[in-house]
Amino acid sequence: MKPLVVGSALLAVGGGFAHAQTLLVSGNPTTMTVTGAVAGSKPLTVTENSTTYTVSALIIQPKKVTAQINTNMPVGVTLTVLLVAPSGATSAGRVALDNIARDVVTNITNTLPQARTVEYQLTATVSAGVIPVSTRTVTLTLVNYP
């Protein structure tokens with residue numbers, strides 16, 4: 001059986017060091033591949049949650065985490081990310097990634113580093129067809145909030 005869609009290995013990159021404000025990512029997610037579907041149904045969604053991020057900020061200067069990919073996904077293919085928020089912060093829920101920085105966690109004020117889960121989902125529509133294997137780099141950035 002030919003794969004319906006083969007997509008995206010991911011590389012998560014942390015950024016942003018300044019005094020007590022930090023954002024670190026635990027490593028790289030595994031390769032994600034959408035390989036088929038049940039007859040008459042849309043292709044199966046692939047979920048990957050092997051990485052974590054650790055974040056801290058200053059109470060007097062809340063932070064947020066943004067996420068983006070280096071190149072947009074092919075037509076019919078969507079990559080989303082969900083960052084579980086640290087205490088007191090707010091997660092944006094599942095966010096579709098593209099090459100524009102999107103808020104994924106806001107109002108970060110925890111002064112002690114807290115490790116939280118990063119969950120990626122790769123979905124495709126039947127119209128995506130078979131596409132070549134490709135890689136996307138996910139960049140998480142810690143910036144001032146609001």
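The values are calculated or read from the model by the stated rules, or taken from the named source; none is laboratory data. These numbers were taken from a predicted model, which means no experiment stands behind them. As a convention, Cβ positions derive from the backbone with ideal geometry for all residues, glycine included, and neighbour counts pool all protein chains shown. Side chains are part of the model used for accessible areas, which takes the heavy atoms of the whole protein and leaves out ligands, DNA and RNA. Shrake-Rupley method; radii C 1.70, N 1.55, O 1.52, S 1.80 Å.
For the reader, a short list of remarks on this structure follows.
- Share of pairwise Cα separations in the stretch 27-83, more than 18 Å, in percent: 54 percent
- Counted by Cβ distance under 12 Å from Arg94, the other residues give a net charge of 0, where Lys and Arg count +1 and Asp and Glu count -1.
- Long-range tail of P(r) for the chain (Cα pairs > 27 Å, %): 25 percent
- For the stretch 88-146, with all protein chains in place and a probe radius of 1.4 Å, 54% of the accessible heavy-atom surface sits on carbon or sulfur.
- Rolling a 1.4 angstrom probe over the protein heavy atoms with all chains in place gives the chain an accessible area of 49 Å² per residue.
- Using C-alpha pairs under 8 Å with a sequence gap of at least 6, the mean separation divided by the residue count of the chain gives a relative contact order of 36 percent.
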